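Notes for the one structure printed next.
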Amino acid sequence: MKNVDYIVVGCGLAGVHFCEQLKAHNKSFVVLDNTSQQSSVVAGGLYNPVVLKRFTSVWKSQEQLELALPIYHKLEQELNIVLDFKTPVYRRFTSVEEQNDWFTASDKPELSKYLSTTLIKNTNKAIDANFSFGKVLETGRIDTKLLIETYKKHLTKNKQLLEESFNYDALVIKDTFQYNAIAAKHIVFAEGFGVKKNKYFENLPLKEVKGELLTIYAPDLKIDYVLKSSVFLIPIGNDLYTVGATYDWKDKTNKITLEAKELLLKKLKTFLKCDFKVVHQVAGIRPTVTDRRPLVGRHKTYKNMYVLNGLGTRGVMIAPYVAKQLFNNIENNTPLERDIDIARFN
Ligand SMILES: Cc1cc2nc3c(=O)[nH]c(=O)nc-3n(C[C@H](O)[C@H](O)[C@H](O)COP(=O)(O)OP(=O)(O)OC[C@H]3O[C@@H](n4cnc5c(N)ncnc54)[C@H](O)[C@@H]3O)c2cc1C
């Protein structure tokens, strides 16, 4: 029997950031992952403290960014990779009213440090933007695919990853948890949309929202900022750009669709005027919650059994924040914020 402090189920952003807490506090652990979910692998990876539809602040954005970025930089060192690509986001305006709304928003204390008050004129012939751009500061992209893939290799090297499905029926619950040849003091479920198959947490109000993204090759575009219009256009190097994303509340599969591709292209062509070629398409399910807050906390009956989920559309920024809160709750009895605690649904 292998004895560990924790079993972690799921190696997406939630799982990775919880493991980072465990490592930082010298806890032993084993991770199980079956790649049934793809959200963290396909994500655009943007971190952006502003909701660009409504010009409002993202929940706890400053606290989240202050915590998250140093953790990604630590991961860069540990894994010897580059994850954080700092890039401004340019919001394309479509009217003078929108420009005015932007300036009104930039006066708000919580937004003033993120919204530049200088209008940026468009000089790029490949883009149609007659009403200029507003620039969001302190934004960027985390290469989540590289992070997850490299993290899993690192866990494998340390004999901490089992690439298999967690079988919920095989878990024996006594004073500790026994799972096949593993005995653990705690178990943390971080399966994203996969939690729907988890009999211990299946009733949580998790709402799946499928998203699809395209990769295009556009050698004449030449932009080094993220462009936000009816879709995001994110430069990823070598004249390649990520275009996305769609929001589909019905389809629960990770399969790419022609409908999503056509919808993204239709939106893209409203402002992109140069030639381009679609080279790739991906799909994943975002684990979202109706009240737009994460799902974190302890099982009602089984103490030492926890869930870390509901990262929604902003896993890059939220995951480090909620992973830290869960760890401190388990190990130090620090109460969880009411907003994220699953007890709010009791
Ligand atoms: C198209 C798209 C674009 C996005 N863009 C952004 C963005 O730009 N910025 C941003 O911050 N967020 C973005 N997101 C959201 C972000 O991807 C999610 O918030 C985040 O990835 C969720 O992470 P997670 O670890 O909770 O879930 P997941 O990434 O789904 O990870 C769960 C893991 O658990 C595994 N698993 C599930 N069940 C089992 C089981 N029974 N046994 C073993 N393993 C299991 C899965 O295979 C998976 O690896 C995007 C999402 C999508 C779909």
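So which of THR104, THR117 ends up being part of a loop (DSSP other than H, G, I, E, B), β-branched (Val, Ile, Thr) and either open to solvent by 30 Å² or more (accessible area, probe 1.4 Å) or in contact (Cβ under 8 Å) with a residue 24 or more places away in the chain (or both)?
THR117
Return the only residue of LYS145, LYS153 being away from the ligand (no atom under 11 Å from the Cβ) and either under 30 Å from ILE234 (Cα atoms) or part of a loop (DSSP other than H, G, I, E, B) (or both).
From the options LYS145, LYS153, the qualifying one is LYS153.
Looking at GLU191, GLU202, which one is in contact (Cβ under 8 Å) with a residue 40 or more places away in the chain and of a type in the set (Asp, Glu)?
The conditions single out GLU191.
Give me the residue from segment 283-325 that is part of a strand (DSSP E or B) and not aliphatic (A, V, I, L, M) and, out of that set, nearest to ASP341 (Cα to Cα).
GLY297
Residues of segment 1-27 being modelled with pLDDT under 95 and either near the ligand (Cβ under 6 Å from one of its atoms) or among the charged types (D, E, K, R) (or both), which ones?
Within segment 1-27, LYS2 is the sole residue that qualifies.
Just name the residue that is farthest from the ligand (Cβ to nearest atom) out of those in segment 164-197 that are among the basic types (Lys, Arg) and under 14 Å from ASN3 (Cβ atoms).
Per the stated criteria, the residue is LYS174.
Name the single residue, out of those in segment 192-211 being in contact with a Phe, Trp or Tyr (Cβ under 8 Å, 6 or more places away or on another chain) and assigned to a loop (DSSP other than H, G, I, E, B), that is surrounded by the fewest Cβ atoms within 10 Å (Cβ to Cβ).
Within segment 192-211, the match that is surrounded by the fewest Cβ atoms within 10 Å (Cβ to Cβ) is LYS199.
Counting only residues that are out of contact with any Leu (no Cβ under 9 Å at 6 or more places or on another chain), more than 10 Å from the ligand (Cβ to nearest atom), open to solvent by 30 Å² or more (accessible area, probe 1.4 Å) and in contact (Cβ under 8 Å) with a residue 24 or more places away in the chain, how many does segment 28-61 have?
2
Scan (1) at pLDDT below 95; (2) in contact with a Gly (Cβ under 7 Å, 6 or more places away or on another chain) for the single condition LEU52 breaks and write down its number.
It fails just one condition, (2).
Given the conditions (1) of a type outside the set (Ser, Thr, Tyr); (2) over 21 Å from the mean Cα position of the chain (by Cα); (3) open to solvent by 50 Å² or more (accessible area, probe 1.4 Å), report the number of the one that ILE187 does not fulfil.
Only one criterion is unmet by ILE187, namely (3).
For GLU110, are the conditions met, namely being part of a helix (DSSP H, G or I), more than 10 Å from the ligand (Cβ to nearest atom) and open to solvent by 30 Å² or more (accessible area, probe 1.4 Å)?
Taking the combined requirement at face value, the residue does not satisfy it.
The values are calculated or read from the model by the stated rules, or taken from the named source; none is laboratory data. Just so you know, these numbers come straight off a predicted model, no measurement behind them. With ideal geometry, Cβ positions are generated from the backbone for all residues, glycine too; neighbour counts draw on all protein chains shown. Just the protein is used for accessible areas: all its heavy atoms, side chains included, with ligands, DNA and RNA removed. Shrake-Rupley method; radii C 1.70, N 1.55, O 1.52, S 1.80 Å.
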